[in-house]
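Undergrad: Before I ask anything, let me first share the structure, which is written out below as structure tokens.
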Amino acid sequence: MTFRIAPSILSADFARLGDEVEAVVRAGADLVHFDVMDNHYVPNLTVGPRVCEAIAPLCRVPIDVHLMVKPVDRIVPDFAAAGANIISFHPEASEHVDRTIELITASGCKAGLVLNPATPLSCLDHVLHKLDLVLIMSVNPGFGGQTFIAEALNKLRAVRERIDRGGREIWLEIDGGVKVENIAEIARAGADTFVAGSAIFESADYEATIGAMRARLASIG
Ligand code: DX5
Ligand code: ZN
């Protein structure tokens with residue numbers, strides 16, 4: 001099993017964003033998780049394609065764009081042009097989920113679908129075979145630093161089963177409340193890709209924190 005750690009720059013020091021991105025990549029990030037919020041689909045406002053473009057040359061690892069915006073389609077090509085490698089969106093934010101997946105893929109990016117805590121797995125019916133990534137939210141989207149919702153573990157187990165049954169490589173990502181203390185349990189439930197914002201950026205030593213997460217992951221039998 002390959003595990004990937006994706007620090008969310010939502011919790012970075014935005015006054016020093018370039019340095020923060022470089023530091024977290026140096027510390028061993030596998031992806032840079034880029035949260036886009038629009039104060040419409042979610043009650044918070046963050047950054048757009050210009051900021052993605054600015055950090056792209058510093059990243060050296062893939063940029064994992066998490067769109068919490070409605071509508072979705074208009075902004076997809078802008079993020080592709082700005083250096084995004086993976087683009088994920090929420091099915092509730094798109095009128096035509098299949099079309100949005102096609103649009104992301106056609107723009108040269110990997111496509112991900114994001115399931116909110118209350119979103120049923122049935123939204124994966126008929127589209128799972130087109131996805132490169134499924135992102136399970138373990139908090140309600142909008143803010144960093146929230147508490148992990150335990151039901152997400154059951155959801156991970158169910159999605160892991162569906163992915164394995166399909167036999168195609170699809171990354172299974174978890175987002176919200178991931179810490180050194182719970183990462184092993186989350187991995188045991190089937191996640192292979194771990195977003196962590198506050199756990200990394202609020203720690204004194206990013207490399208030590210990512211190292212501690214990897215050590216917990218390595219302990220999984
Ligand atoms: C929340 C965002 C997350 C957030 C996670 O809507 O999608 O990526 O940064 O933050 P933590 O790891 O602090 O829960
Ligand atoms: Zn996110």
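Undergrad: Quick one: ASN44 ticks every box in (1) buried (at least 19 other Cβ atoms within 10 Å of the Cβ); (2) within 12 Å of ligand 1 (Cβ to nearest atom) bar one, so which box is it?
TA: Of the numbered conditions (1) buried (at least 19 other Cβ atoms within 10 Å of the Cβ); (2) within 12 Å of ligand 1 (Cβ to nearest atom), the odd one out for ASN44 is (1).
Undergrad: Go through the range 1-36 and give me each residue that's part of a strand (DSSP E or B) and either out of contact with any Phe, Trp or Tyr (no Cβ under 9 Å at 6 or more places or on another chain) or surrounded by fewer than 21 Cβ atoms within 10 Å (Cβ to Cβ) (or both).
TA: Answer for the range 1-36, where residues must be part of a strand (DSSP E or B) and either out of contact with any Phe, Trp or Tyr (no Cβ under 9 Å at 6 or more places or on another chain) or surrounded by fewer than 21 Cβ atoms within 10 Å (Cβ to Cβ) (or both): ARG4, VAL32, HIS33, ASP35.
Undergrad: Do we find that ILE87 is buried (at least 18 other Cβ atoms within 10 Å of the Cβ), in a helix (DSSP H, G or I) and within 16 Å of ligand 2 (Cβ to nearest atom) in this structure?
TA: For ILE87, the condition - buried (at least 18 other Cβ atoms within 10 Å of the Cβ), in a helix (DSSP H, G or I) and within 16 Å of ligand 2 (Cβ to nearest atom) - is not met.
Undergrad: While we're here: Considering only residues that are among the β-branched types (Val, Ile, Thr), over 14 Å from ALA29 (Cβ atoms) and assigned to a loop (DSSP other than H, G, I, E, B), which ones fall in the range 61-84?
TA: Those that are among the β-branched types (Val, Ile, Thr), over 14 Å from ALA29 (Cβ atoms) and assigned to a loop (DSSP other than H, G, I, E, B): VAL69, VAL72.
Undergrad: Continuing with this model, one more query. Filter the range 138-162 down to residues that are outside any loop (DSSP other than H, G, I, E, B), surrounded by 18 or more Cβ atoms within 10 Å (Cβ to Cβ) and hydrophobic (A, V, I, L, M, F, W, C), then give me how many there are.
TA: Adding up the residues that qualify gives 4.
Undergrad: Restricting attention to the range 37-60, report how many residues are farther than 18 Å from ALA93 by Cα, part of a loop (DSSP other than H, G, I, E, B) and within 16 Å of ligand 2 (Cβ to nearest atom).
TA: Here the count works out to 0.
Undergrad: Pull up the range 13-29, narrow it to residues that are in contact (Cβ under 8 Å) with a residue 40 or more places away in the chain and among the charged types (D, E, K, R), then point me to the one that is farthest from ASP192 (Cα to Cα).
TA: Per the criteria, the residue is ASP13.
Undergrad: Filter the range 119-137 down to residues that are part of a loop (DSSP other than H, G, I, E, B) and in contact with a strand residue (DSSP E or B) (Cβ under 9 Å, 6 or more places away or on another chain), then give me how many there are.
TA: Within the range 119-137, residues that are part of a loop (DSSP other than H, G, I, E, B) and in contact with a strand residue (DSSP E or B) (Cβ under 9 Å, 6 or more places away or on another chain) number 4.
Undergrad: Name every residue in the range 163-175 that is within 21 Å of ILE9 (Cα to Cα) and surrounded by fewer than 24 Cβ atoms within 10 Å (Cβ to Cβ), in order of residue number.
TA: Selection gives TRP171, LEU172.
Conditions (1) closer than 27 Å to ALA212 by Cβ; (2) among the hydroxyl-bearing types (Ser, Thr, Tyr); (3) in a strand (DSSP E or B), marked per residue:
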| site | (1), (2), (3) |
| --- | --- |
| PRO117 | yes, no, no |
| ASP164 | no, no, no |
| GLU173 | yes, no, yes |
| LYS179 | yes, no, no |
| PHE194 | yes, no, yes |
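Undergrad: So in the range 98-110, with the set limited to residues that are surrounded by fewer than 20 Cβ atoms within 10 Å (Cβ to Cβ) and touching a residue at least 12 places away in the same chain (Cβ under 8 Å), which one is nearest to VAL21 (Cα to Cα)?
TA: Checked the range 98-110; the qualifying residue nearest to VAL21 (Cα to Cα) is LYS110.
Only the coordinates and a few stated rules stand behind these numbers; no lab work does. Note that the coordinates shown come from a computational prediction; the quantities given were computed from them, not determined experimentally. Cβ atoms come from the backbone with ideal geometry, glycine included; neighbour counts cover every protein chain shown.
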